[in-house]
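J.: Encoded as C-alpha cells, here's the structure I'll be asking about.
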Amino acid sequence: MSKVLYKIYGIGNDIVKISRFSKNSDNERFLRRAFHQQEIDRFYHLKTVNQEKALQYLAGRWAAKESVYKAFRGIDRSRLPFPNIKIASRDDGSPVVELQDSTMELANQLNIANIHLSISHDEDYAIANVILEEKLILDQQHQQRQTDHCFITDDIGNNSRSK
Amino acid sequence: MFSRAIRSAFTSYTPSMMARTSAQTTFRYYSAGGALSEGEVSERVLDVVSKYDKCVGKKVTPASTFSELGLDSLDSADVLVAIEEEFNIEIPDDEADKINSCKETISYIRRTPTAK
C-alpha cells in the first residue's frame, strides 16, 4: 500500500528595513521587476490611503518573496523571478503564496505541495518566514526509509508523524 | 545626443544616489550611433555603481561583484534599474537575475545593441 508523505523541503526567512522602499517605490520599473501587477495595484491603492501602510505592505511582500527564494534552497534566481512569487491575501487577511507561470511549474517539478508563510512588521522592519513542504508518495518497499520531519497520510486521510 | 546626455545626468534613477551632488555632476558627450565601446560602457557602469550610496568610498572595479560591494538583492535590483535608465534599456527579468557583478553588467550592455 502506498503512503503519501509530506516532508519539509526548505525554510527561508528575510528581514528588510521598510524605509528602503521609500524612494525606489516611486519607480515603476523597479516595481515591475519585483512585484506582481496585482501587488503593485494594491500598493498604489494603499498609497492613496496611507503612505506608511503602503511601504509596510511592499516591504512585507519583498521579505516574503526573498523567504520563498531562500526556501527553494539555492535555485538560481532567474528561475524564481519575484513577480512570479505573488503574495496574495486570504479572506481572513493572512498572506498566501500564489506561484505563477514558470515558477509554479518549477514547484510542481519539485513536488512542492504546500507553502506556509508568515509576515510581520514592527516599526522600521518587515520580516517573513516560509516553509516549503514537498509531497512524497512511498510504496511499501520504501516506507522503511522515511526520515524525520515527515508527516504520513494513510489512505483514509489520517496524519501521523514518521518515526 | 545632447538632450540624452542632459537627461541622463539629471534624471538618473536615484533611490540611493544621494551622494550625487551638483559638484560631482558632469556632462557627458557620448557619440551617437554604433555599438558602445567597452571602455565607455565600463566607465558608465562603474560611475553608476560607485554613486550608489552603499558603494560610496569603496573601490569599484569591473571585477567587483555586488556581494563584495556589500549589496544585497534589494540593492542589486536598485542598481540594475539605475543601469537601465543610464543606458535607456530594459533588462529582461531573467537576464537581470543572472547579473551579479560589474563585469556581468558591462557584458550584458555590450551585447545589447539598443543601449545608448
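We did not get these values from a lab; they are worked out from the coordinates using the rules stated. All values reported here derive from a predicted model rather than from experimental measurement. Heads up, the Cβs are rebuilt from the backbone with ideal geometry, glycines too, and the neighbour counts pull from every protein chain shown.
J.: Contact list please: Cβ distance under 9 Å, first residue in segment A:78-93 and within 14 Å of another protein chain (Cβ to nearest Cβ) and hydrophobic (A, V, I, L, M, F, W, C), second residue assigned to a loop (DSSP other than H, G, I, E, B) and surrounded by 15 or more Cβ atoms within 10 Å (Cβ to Cβ), pairs at least six apart or on different chains.
T.: Here the result reads A:Leu80/A:Phe72; A:Leu80/B:Asp97; A:Phe82/A:Phe35; A:Phe82/A:His36; A:Phe82/B:Asp97; A:Ile85/A:His36, each pair linking segment A:78-93 to a residue that is assigned to a loop (DSSP other than H, G, I, E, B) and surrounded by 15 or more Cβ atoms within 10 Å (Cβ to Cβ).
J.: Hey, could you check segment B:81-90 for residues that are closer than 15 Å to B:Asp47 by Cβ and within 8 Å of chain A (Cβ to nearest Cβ) and say which is surrounded by the most Cβ atoms within 10 Å (Cβ to Cβ)?
T.: Checked segment B:81-90; the qualifying residue surrounded by the most Cβ atoms within 10 Å (Cβ to Cβ) is B:Glu84.
J.: Same structure again: Just to be sure, is A:Lys47 basic (Lys, Arg) and in contact with a His (Cβ under 8 Å, 6 or more places away or on another chain)?
T.: Answer is no for this residue.
J.: Turning to a different aspect of this structure: I'd like to check something: does segment A:63-78 contain any residue that is loosely packed, with under 13 Cβ neighbours inside 10 Å and either in a helix (DSSP H, G or I) or hydrophobic (A, V, I, L, M, F, W, C) (or both)?
T.: no
J.: Next question, about the same structure. Within the bounds of segment A:54-76, is there any residue that is of a type in the set (Ser, Thr, Tyr) and more than 10 Å from chain B (Cβ to nearest Cβ)?
T.: Checking segment A:54-76: at least one residue is of a type in the set (Ser, Thr, Tyr) and more than 10 Å from chain B (Cβ to nearest Cβ).
J.: So, one more: Any idea which of (1) within 25 Å of B:Asp94 (Cβ to Cβ); (2) crowded, with 16+ Cβ neighbours inside 10 Å; (3) within 11 Å of another protein chain (Cβ to nearest Cβ) is the one A:Ser102 doesn't satisfy?
T.: (2)
J.: Restricting the search to segment B:84-116, which residues are of a type in the set (Lys, Arg), without any contact (Cβ under 8 Å) to a residue 60 or more places away in the chain and more than 25 Å from A:Phe35 (Cβ to Cβ)?
T.: Matches in segment B:84-116: B:Lys103, B:Arg111.
J.: Could you tell me whether segment A:41-53 includes any residue that is within 14 Å of chain B (Cβ to nearest Cβ) and farther than 15 Å from B:Ser76 by Cα? So that I can check it myself, show each step before the final result.
T.: Just the residues of segment A:41-53 that are within 14 Å of chain B (Cβ to nearest Cβ), to begin with: none.
Scanning segment A:41-53, I find no residue that is within 14 Å of chain B (Cβ to nearest Cβ) and farther than 15 Å from B:Ser76 by Cα, so the answer is no.
J.: Would you point out the residue of segment A:1-35, among those that are under 18 Å from A:Leu99 (Cβ atoms) and touching a strand residue (DSSP E or B) at 6+ places or on another chain (Cβ under 9 Å), that is nearest to the other protein chains (Cβ to nearest Cβ)?
T.: Checking each candidate, the answer is A:Asp14.
J.: Which of the residues that make up segment A:41-62 are under 18 Å from A:Ala126 (Cβ atoms), of a type in the set (Ser, Thr, Tyr) and surrounded by fewer than 12 Cβ atoms within 10 Å (Cβ to Cβ)?
T.: Residues satisfying the conditions do not exist here.
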